[in-house]
Amino acid sequence: RKLMEEKKYCHVWWRVYEKARAVYQNPWAEFHLEKLPAKLAKRHRYDALTKKWSDDITIVKIEDRPFARGGLRECFRMKKLSQQPNRPHIHCLGWKNANNYVAKRSLYSSQNLNEESEIKAQVEIQQKCAIIAQAFDALKPPKSVTIVDCFMIQILPHALSPKSEYFFCERFLDGGAFEKHNSNEGSVETQRLTPQIFSAASFWLTRGHAMVTDVQGVNDLYTDPCLHTLSGRYGGAGDLGARGMALFFESCDTQNPLFDYLKIPKFQLAPSQICTRRRTVRHATSSADLWKSVNKRRPGGSSLFKKTREASNRQLTHDDLDAIETVLDTADTIAKKALDSFLQVEDYSLPHLAEEKEEEKDIIANVNDLRKINAPAVAKVHAALAELETEAFFDHNKIDTAAAIFHCAKAAIKGSEIAAHSLARWHADLSPGALLPRFSDLKYAYPNKAGPLLVLAAIRGDAAAQFAAAEAFLIPRWGLPYNKTAAKSLLLSALQNAKAQDAQLIPNLQAGDFVLASVDGLPHKAMIQRVLDDGQLEINFDYTAQFDGDKNSLSLLPRSRVLKKFNSEQELEYVSPEVDDTCILPPGNAGADLPPAHIILAKLAEIPLDEHRDDLTKYKQHLLEQAVEAALSIQAPACANIYSDQLAKLLASSSSSSSSSSVFSAGTISIKRP
């Protein structure tokens, strides 16, 4: 067009255009779309930079039956005019030369979104991917990539259809074979380098907030991409969150020469992951199948806690051992520095961490800068990889222990509080949760390294680690010295989180209730078998089978693990992750739960302090009274009775030693015995 604007070359390029038009053959000519009735429609376009929608009126001709159907959408052939003509001349226009478009309609509509909102969300995602593709082209790769422009078509109501119809539309790709290069589950479909480097670069260009996968199209003109976001909330049905990013990096070939050519950082893998490619191509038919295949937890069906996994038979090489030793030593050094800094603070107060201000909704705000590496985002992907290795996701129920430890330690180094807590429990020979295997033949676990790592996790904000570190300061153990003041500071910090946790607990849980319970960071359908007097729950995950009294089929969980309660088993069965936000949880946990507030209050009352006896008695009395109220609020009457007895003994001993002390009255606190 720029050349045609110059008078000198205008007539030359016009001849070239006429010849090209004469040679071009419409690939859809045999379907005679020009004979279809024209429909008045409204085109909705989205600008990802300004985050604004615009619309205009147009004319379309679209087939009634789909010509293709995928796992999520069905496709229709369509022709569209660029602008609305005079209504009497609609059928006299040159429809044969109109552009070909593919109109797509979803097969499975979300219960949380209507059809219009769902298609608009898809348009927004693809337009964001287009901006990321432009940022990738700015790096000047050997072959540039383009995400096809898209929009939403609203066919306005007419005599034959009183309701509006909505379609996701984009240009038909002609000129080559349609290829799928990778999937959103990490499988690699072709040997081309550009699609893989584009997906990898998208992670670093968005500072770890997003990744473009499911790259497919004609040559390097891509369509229908999937967008993984760090939390898994903003990328639609195909968004697998940090686990999806981890799946891609596990299969990504770091020997791709374009990494060095474009100066794109390489995501660090364990030596065992570099030397073996364990990925098999998996095909899912729907978003629910995608979620089930990627987020599938323990092997063995509903028996969640059976230890059916075993360690890999692969012999560890010197590279494996050196990599593990290096990352563990680095994590230990960081933890010891954090412990020293914490003990040097006068009042042992925890630092106020600067939160990440950048929101995932603005993933394209700081695109174009590869130098700014977002360490917390990298940490989450490392944690997800450790979790996948611990689940034996890649190697047919064989756990790659070396890779799991490597990625857990890397996550702790990069700033993950969950990974630091999990690594501390692994050193202490406790259950490390979802990120590490319970038992390991490696001889790198040292109990004295557990304490500093607990303090590191506590400083980063892990409330369960704050409680565990406080107990370690009081005993003392795991390389921590006796320090009651530090323990008190940690308990007070954990108490604030425990109160917030108690306030969010689901009230009035009873035996027989069907619930969604969290195990290792993901929800599982279950039934409450019994509510204990201390507030804990006996959960039956195999609730479809009749309970025969076998205690091995039950699991004891705190009330904080219950995410949602349902009125019936039928209502629970219809729950699916793409329609329920409570199913979106961070990857894994460290194997330890934050106890309820009443336990922390009771622990604070046990710490010996140097205050005057009268002040100490009032302080402990206040804590125990709060513990009683907190225990009753979460249906733990047995614990409330214990604290009431302790309070009575405290006030009785105080009144016997001092005549001025207040006398405890039996009617002060009324506790209903179970």
**Request:** Residue by residue through the stretch 626-636, note down the ones that are in a helix (DSSP H, G or I) and surrounded by 17 or more Cβ atoms within 10 Å (Cβ to Cβ).
**Result:** Gln626, Ala627, Val628, Ala630, Ala631, Leu632, Ser633
**Request:** Can you give me the number of residues within the stretch 394-418 that are free of Cβ contacts under 8 Å to residues at least 60 places away in the same chain and within 22 Å of the chain's Cα centre (by Cα)?
**Result:** 7
**Prompt:** Picking from Ala428, Ala450, which residue would you name as being hydrophobic (A, V, I, L, M, F, W, C), more than 29 Å from Arg207 (Cα to Cα) and at pLDDT 90 or above?
**Reply:** Ala450
**Prompt:** Can you find a residue in the stretch 145-156 that is over 22 Å from Pro66 (Cβ atoms) and assigned to a strand (DSSP E or B)?
**Reply:** yes
**Fill in**
Here the residues within the stretch 141-178 that are in contact with a strand residue (DSSP E or B) (Cβ under 6 Å, 6 or more places away or on another chain) and among the hydroxyl-bearing types (Ser, Thr, Tyr) are Thr146, Ser164, Tyr166
**Prompt:** In the stretch 74-119, how many residues are part of a helix (DSSP H, G or I), more than 31 Å from the chain's Cα centre (by Cα) and at pLDDT 85 or above?
**Reply:** 0
**Prompt:** Which of the residues that make up the stretch 150-167 are among the aliphatic types (A, V, I, L, M) and open to solvent by 10 Å² or more (accessible area, probe 1.4 Å)?
**Reply:** Leu156, Ala159, Leu160
**Message:** Here's a check for you: in the stretch 419-465, which residue that is in contact (Cβ under 8 Å) with a residue 24 or more places away in the chain and acidic (Asp, Glu) is least open to solvent (accessible area, probe 1.4 Å)?
**Reply:** Asp462
**Complete:** Scanning the stretch 376-396 residue by residue, the ones that are open to solvent by 10 Å² or more (accessible area, probe 1.4 Å), out of contact with any Gly (no Cβ under 9 Å at 6 or more places or on another chain) and in a helix (DSSP H, G or I) total 0
**Request:** May I ask you to say which residue of Asp289, Asp253, Asp322, Asp347 is in a helix (DSSP H, G or I) and modelled with pLDDT of 55 or more?
**Result:** Asp322
**Asked** Of Ile413, Ile475, Ile399, which residue is under 20 Å from Ala384 (Cβ atoms) and open to solvent by 40 Å² or more (accessible area, probe 1.4 Å)?
**Response** Ile413
**Request:** Say whether the condition of being modelled with pLDDT under 60, part of a helix (DSSP H, G or I), out of contact with any Pro (no Cβ under 9 Å at 6 or more places or on another chain) and β-branched (Val, Ile, Thr) is met by at least one residue in the stretch 327-334.
**Result:** no
**Item:** Filter result for Lys361 (in contact with a Ser or Thr (Cβ under 6 Å, 6 or more places away or on another chain) and at pLDDT below 90)
**Value:** no
**Asked** Is at least one residue of the stretch 654-669 in a helix (DSSP H, G or I), under 20 Å from Gln536 (Cβ atoms), open to solvent by less than 40 Å² (accessible area, probe 1.4 Å) and modelled with pLDDT of 60 or more?
**Response** no
**Asked** Applying the selection to the stretch 127-139, what residues are open to solvent by 30 Å² or more (accessible area, probe 1.4 Å) and touching a residue at least 24 places away in the same chain (Cβ under 8 Å)?
**Response** Lys128, Ala138, Leu139
**Request:** Output the residues belonging to the stretch 229-247 that are touching a strand residue (DSSP E or B) at 6+ places or on another chain (Cβ under 6 Å) and either assigned to a helix (DSSP H, G or I) or surrounded by fewer than 23 Cβ atoms within 10 Å (Cβ to Cβ) (or both).
**Result:** Gly244, Met245
**Request:** Give the residue that is surrounded by the fewest Cβ atoms within 10 Å (Cβ to Cβ), with candidates limited to residues of the stretch 502-517 that are hydrophobic (A, V, I, L, M, F, W, C) and in a loop (DSSP other than H, G, I, E, B).
**Result:** Ala511
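The values are calculated or read from the model by the stated rules, or taken from the named source; none is laboratory data. None of the values given here were measured: they were computed from a predicted structure. We place every Cβ from the backbone using ideal geometry, glycine too, and count neighbours over all the protein chains shown. Heads up: the accessible areas ignore ligands, DNA and RNA and are worked out on the full protein's heavy atoms, side chains in. Shrake-Rupley method; radii C 1.70, N 1.55, O 1.52, S 1.80 Å.
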